[in-house]
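K.L.:
Questions regarding the structure given below will be posed in turn.
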Number of protein chains: 2
Amino acid sequence: MLRSSDDRFTLDPQLARDTRPVGDLVLCRVLLTNDANYPWLILVPRRTGASEIIDLDSADQAQLTAEIAQVSRVLKDITRCDKINVAALGNVVAQLHVHIIARTRNDAAWPKPVWGVVNAKGYQDSTAERLIRQVQQSLSVTP
Amino acid sequence: MLRSSDDRFTLDPQLARDTRPVGDLVLCRVLLTNDANYPWLILVPRRTGASEIIDLDSADQAQLTAEIAQVSRVLKDITRCDKINVAALGNVVAQLHVHIIARTRNDAAWPKPVWGVVNAKGYQDSTAERLIRQVQQSLSVTP
């Protein structure tokens, strides 16, 4: 089973490169994707070796679901978006991670899924930091 | 709350058009997407009015998670795929539905997400029917 202790967990280098840290929930590390086109969070369960949701035991699956719901609600409240997109794909980065993306009808890819439509747009640091602070306060997490 | 009785539930017409029925689990209707490029199932919680996972109450969220895991395992066992992609997007079809897609390293879109990469490829009826029967037997459901 994958219920390894958290202290062996390390974030995939590509995920680290493409995101900024937000904080840790009970199971998942929360990240902000470096793409100002969409408010885009990523949840990474701190379980070494997991690449599929079904690699988690059922307690972790339930916790992941609760954290997806919690983060979706927070992101919806902050952004007033039209739709939340939730996806666990992982064809490129094997480490299990769940995208939670706030979509609006006038965003760069609407109504398509975000992947491969337009290039990532860099954040102004102040914009990213403000969004991260809002999410941290709503989730009661610290970096 | 959305815990309406199942008898008011009707499948979105576009989902009905793009899929073949597989059967009903406790919460979700299971569908096979008419795209022979990828073994691609869809779960639709039979809850009228739900468009986001967070529109479901927490008992239904837990049941959805269990059914996502159950169907992912079945699809992985049948197809021996390299990766399962799980996604709740719904930018076009508002009715809450979860894609569960078996991906292989030589499929038509790998490693990209499947949406918008290549046109859907029609199934031979016999191929679709065989896959549906395998899924039905593994899930113990009937149409």
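The values are calculated or read from the model by the stated rules, or taken from the named source; none is laboratory data. All of these numbers come straight from a predicted model, not from anything done at the bench. As a convention, Cβ positions derive from the backbone with ideal geometry for all residues, glycine included, and neighbour counts pool all protein chains shown. Note: areas computed on protein heavy atoms with side chains; ligands, DNA, RNA excluded. Shrake-Rupley method; radii C 1.70, N 1.55, O 1.52, S 1.80 Å.
K.L.:
Given a Förster distance of 25 angstrom, what is the FRET efficiency for B:Arg80 paired with A:Asp12, based on the Cβ-Cβ distance and rounded to 0.05?
P.N.:
Once rounded, the FRET efficiency stands at 0.50.
K.L.:
Also: Could you work out how far helix B:58-79 tilts from the main Cα principal axis of chain B, as a 0 to 90 degree angle to the nearest 10?
P.N.:
It works out to around 20 degrees.
K.L.:
While we're looking at this one, here's another question. Which sequence of A:Ile101, B:Ile132 reflects their accessible areas, 1.4 Å probe, from the largest down?
P.N.:
Largest accessible area first, the list is B:Ile132, A:Ile101.
K.L.:
Taking every pair of alpha-carbon atoms in the stretch A:35-143, give the share separated by more than 20 Å as a whole percent.
P.N.:
In whole percent, the long-distance tail amounts to 45.
K.L.:
Next question, about the same structure. Quantify how strongly other chains surround peptide A:93-100 by giving the mean number of their Cβ atoms within 10 Å of each of its Cβ atoms.
P.N.:
Mean partner shielding for this stretch: 1.
K.L.:
Can you give the mean number of other chain Cβ atoms that lie within 10 Å of the Cβ atoms in peptide B:111-122?
P.N.:
3
K.L.:
Karplus couplings for the stretch A:105-112 from phi (6.51 cos²θ - 1.76 cosθ + 1.60, θ = phi - 60°), rounded to Hz, Gly and Pro as x?
P.N.:
Taking θ as phi minus 60°, the curve returns 5, 10, 7, 5, 10, 3, x, 6 Hz for the stretch A:105-112.
K.L.:
Using only Cα atoms, tell me the angle between helix B:125-139 and the longest principal axis of chain B; keep it within 0 to 90° and round to the nearest 10.
P.N.:
50 degrees
K.L.:
Next question. Mind pulling up the Rg/Rh value for the stretch A:64-119? Radius of gyration and Kirkwood radius, both on Cα.
P.N.:
0.98
K.L.:
Using 1/(1 + (r/R0)^6) with R0 = 25 angstrom and r between the beta carbons of A:Ala94 and B:Val92, what's the FRET efficiency to the nearest 0.05?
P.N.:
Efficiency for this residue pair is about 0.30.
K.L.:
How much length would be gained if the chain were fully extended between A:Asp125 and A:Arg105, taking 0.36 nm per residue of separation minus their Cα-Cα distance, in nm to one decimal?
P.N.:
4.7 nm
K.L.:
Near A:Lys112, which aspartates and glutamates are there with a Cα under 20 Å away, not counting those fewer than 8 places off in the same chain?
P.N.:
Within the straight-line cut-off, A:Lys112 pairs with A:Asp35, A:Asp82, B:Asp12, B:Asp18, B:Asp35, B:Glu52.
K.L.:
For chain B, modelled as a Gaussian network with Cα springs under 10 Å, which listed residue fluctuates most, B:Arg103, B:Arg17, B:Arg133?
P.N.:
Fluctuation is largest for B:Arg17.
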